[in-house]
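Structure record follows, encoded as structure tokens.
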Amino acid sequence: MRGRGDYARARALLEEAGRIFEEIGDHRGAAWSLNQLGDIAREGGEVAAAREIYQRGLSAFRSTNDCWGIARSLTDIAQLACDEKDPGAAHAAYREALALFVNLGHKRGIARALEGFACSALGQGNPARALAITAAAAHLRQWIGAPLMPVEQSKLDQKLQPAWMSLEGADSKAAYARGWAMSLDNAIKYALEESGPPTAG
């Protein structure tokens, strides 16, 4: 339903599923229903509703100690914060999500969190940092054979276009090359650092 753009029908089915999950005591299933409802609200441009639903989902995942669900909800909340030009809130949510993904050994999740850190770094006025982190994420995705879907890659490229535009060609390429050459451990440490002063561009 959702894949065909029938958001109203998808929302109704997910709400029904959530009620059933709650009735049978499957709180984890109910939490995932909430997460997908948040996705529908976000895709429909209902930002405030999406944020509220994601927060409810996060609370539900925390109550079941579902680390993967917590991390997923945090990345969704962080993405909303990035879209709303609140890089500080995005950075905080991505920090917690990345730590969880690392503990889980979930490399796809690590890559997604790194891509989020790149967007928050750009929002904090650090284009070179943004390019280095996105390169580290791209290298990780190549390593594990998990490229972004074309639509997702296009969205990420669009978000990071200002980083390429704000630096001289050689500087942007050098920043990207630095990130590509980082080990996974170093890329994670770099992303988790508090962002420094804005890079001149």
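The values are calculated or read from the model by the stated rules, or taken from the named source; none is laboratory data. Fair warning: this is a prediction, and the values are worked out from it, not measured in the lab. Quick reminder, even Gly has a Cβ in these numbers, built from the backbone with ideal geometry, and neighbours come from all protein chains shown.
Of the residues making up segment 108-127, not a single one is more than 24 Å from residue 157 (Cα to Cα) and buried (at least 17 other Cβ atoms within 10 Å of the Cβ). Selection of segment 128-183 for residues being among the aromatic types (Phe, Trp, Tyr) and surrounded by fewer than 20 Cβ atoms within 10 Å (Cβ to Cβ) yields 143, 164, 180.
Residue under question is residue 78, and the condition is that it be surrounded by fewer than 21 Cβ atoms within 10 Å (Cβ to Cβ), of a type in the set (Gly, Ala, Ser) and either in contact (Cβ under 8 Å) with a residue 60 or more places away in the chain or under 30 Å from residue 139 (Cβ atoms) (or both); does it hold? Against the criterion (surrounded by fewer than 21 Cβ atoms within 10 Å (Cβ to Cβ), of a type in the set (Gly, Ala, Ser) and either in contact (Cβ under 8 Å) with a residue 60 or more places away in the chain or under 30 Å from residue 139 (Cβ atoms) (or both)), residue 78 does not qualify.
Among the listed residues 188, 144, identify the single one that is over 22 Å from residue 88 (Cβ atoms) and modelled with pLDDT of 95 or more. The conditions single out 144.
Among the residues that make up segment 89-106, is at least one of them over 18 Å from residue 188 (Cβ atoms) and part of a helix (DSSP H, G or I)? Checked against the condition, which is being over 18 Å from residue 188 (Cβ atoms) and part of a helix (DSSP H, G or I), segment 89-106 yields at least one hit.
Entry remark, segment 112-149: residues being among the hydrophobic types (A, V, I, L, M, F, W, C), in a helix (DSSP H, G or I) and over 15 Å from residue 74 (Cβ atoms) number 15 in total. Give me the residue from segment 27-64 that is surrounded by 15 or more Cβ atoms within 10 Å (Cβ to Cβ) and acidic (Asp, Glu) and, out of that set, farthest from the chain's Cα centre (by Cα). Restricting to residues being surrounded by 15 or more Cβ atoms within 10 Å (Cβ to Cβ) and acidic (Asp, Glu), the top hit is 46. Looking for something without any contact (Cβ under 8 Å) to a residue 60 or more places away in the chain, within 22 Å of residue 118 (Cβ to Cβ), surrounded by fewer than 21 Cβ atoms within 10 Å (Cβ to Cβ) and of a type outside the set (Ser, Thr, Tyr) - is there at least one such residue anywhere in segment 5-18? No, every residue in segment 5-18 fails to be without any contact (Cβ under 8 Å) to a residue 60 or more places away in the chain, within 22 Å of residue 118 (Cβ to Cβ), surrounded by fewer than 21 Cβ atoms within 10 Å (Cβ to Cβ) and of a type outside the set (Ser, Thr, Tyr).
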